[in-house]
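Computed from the coordinates by the stated procedures, all read-outs in this text should not be read as laboratory data. Everything numeric in this text was worked out from a predicted model, so none of it was measured. Backbone-built Cβ (ideal geometry, glycine too); neighbour counts: all protein chains shown.
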Amino acid sequence: MTKKSPPIAARHVIWFGWKLVIILSVALCVVALLKLHSQSDLSSSPSIIRVRSRRPSRDIIFSGPPKIAFLFLVRRSLPLDFLWGSFFENADAGSFSIYIHSAPGFVFDDSNTKSHFFYGRQLRNSIQVAWGESSMIQAERLLLGEALEDPANQRFVLLSDSCVPLYNFSYIYNYLMASPRSFVDSFLDAKEGRYNPKMSPKIPKNKWRKGSQWIALVRDHAEVIVDDEIIFPVFKKLCKRRPLLDASKGKMNAKLQKQHNCIPDEHYVQTLLAMSGLEGELERRTVTYTSWNLSATKMETKGWHPTTFTYANSGPEKIKEIKSINHVYYETEYRTEWCRSNSTSVPCFLFARKFSQGAAMRLLGEGVVSRFSASALLDPPP
């Protein structure tokens with residue numbers, strides 16, 4: 001018996017039904033993909049960075065005086081330990097903590113440091129650090145992470161192995177504790193060559209900031225840096241140091257010099273805090289003074305390099321000059337940052353770099369570290 005074909009109208013209805021099912025299925029897939037993509041974009045939104053939940057140990061309420069965590073980022077040893085030892089001798093032991101990021105495996109003891117304050121204060125999980133690479137900011141994050149384990153640490157100061165204090169401990173303690181803000185040198189980086197367009201959209205160009213590596217943070221901001229899981233990976237992947245000119249590479253130098261010369265330690269903290277909506281909680285300046293000179297070598301183009309203070313050029317008049325600075329001008333933003341702590345006019349700088357051993361010996365011999373009173377912070381602003 002021959003099977004009859006369905007009428008033409010019925011076949012059209014069936015075919016139309018199948019087309020409608022296929023179209024609806026595709027539309028649902030597209031909607032699902034768009035929703036997933038929007039959620040992904042939200043989690044990495046460039047306006048406000050989300051951070052993972054804090055570890056419970058950081059939320060313990062502490063009792064007693066708040067402490068300053070002094071975070072030393074050093075190559076190996078601390079050549080100015082004798083000066084810092086004198087500085088800490090005049091401090092209440094319950095008012096500070098010391099953490100050192102040194103070369104992996106280096107242990108501070110009586111064989112390599114003149115001050116007992118540094119014995120065993122090195123991180124056990126330190127990494128090998130290279131200037132101009134992401135390892136520098138990773139070392140900073142390690143220091144902050146270790147210091148955050150002590151709930152009493154409420155201020156965090158990053159220092160190099162060539163930094164010196166310009167005042168005694170009580171002055172510096174009162175200065176930092178009096179301000180509810182972090183001190184982070186941060187300004188718009190208008191020059192081309194450091195921002196990598198591939199960082200967008202996670203790091204938009206209008207949030208790209210530059211500033212001094214040497215920061216002083218309140219606890220909340222230190223936690224933002226340690227908890228960051230979005231911006232640091234971008235820096236690690238795309239923020240590279242441009243190689244130096246190498247005569248043996250000939251024409252290849254031109255290609256190498258087109259790479260973005262990022263210098264992560266001058267951009268990471270500033271950009272992260274800007275993207276986290278925290279610039280309004282900052283004193284956008286550093287409390288560590290650096291003298292810059294324009295210089296050049298055979299292997300690199302002209303650039304600003306920090307001056308090293310020696311015994312000869314670190315006399316009382318120079319130190320007095322540094323202490324008299326009360327504002328910083330930022331050309332890219334046409335902004336003058338007047339130096340204040342808790343609305344009180346104060347000197348801009350508490351520390352200075354880069355000081356040789358001879359310069360540090362002169363500071364100690366002339367009593368620069370111990371001749372100043374914290375009562376100056378109580379004076380009304382001029």
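Data table
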item: Entries in K191/K236; K240/K323; K202/K240; K323/K354; K320/K354 that, when Cα-Cα distance is taken, lie over 27 Å; result: K240/K323
item: Isotropically averaged projected area of region 136-177, using the convex hull of Cα atoms (one quarter of hull area), nm²; result: 3.6 nm²
item: Residues M177, M275, sorted so that the one with the fewest Cβ neighbours within 10 Å comes first; result: M177, M275
item: Tensor-based shape of region 92-195 (alpha-carbon gyration tensor, a/c under 1.5 rounded, otherwise prolate or oblate); result: oblate
item: Burial order of peptide ranges 119-126, 347-354 (average beta-carbon count within 10 Å, highest first); result: 347-354, 119-126
item: Neighbourhood charge, 12 Å Cβ-Cβ cut-off, centred on V107 and excluding it, Lys, Arg +1 and Asp, Glu -1; result: +1
item: Ranked T307, T113, criterion: other C-beta atoms within 10 Å, fewest first; result: T307, T113
item: Reduced Cα scattering model of region 76-128, Debye log10 I(q)/I(0), q = 0.16, 0.19, 0.31 Å⁻¹; result: -0.46, -0.63, -1.28
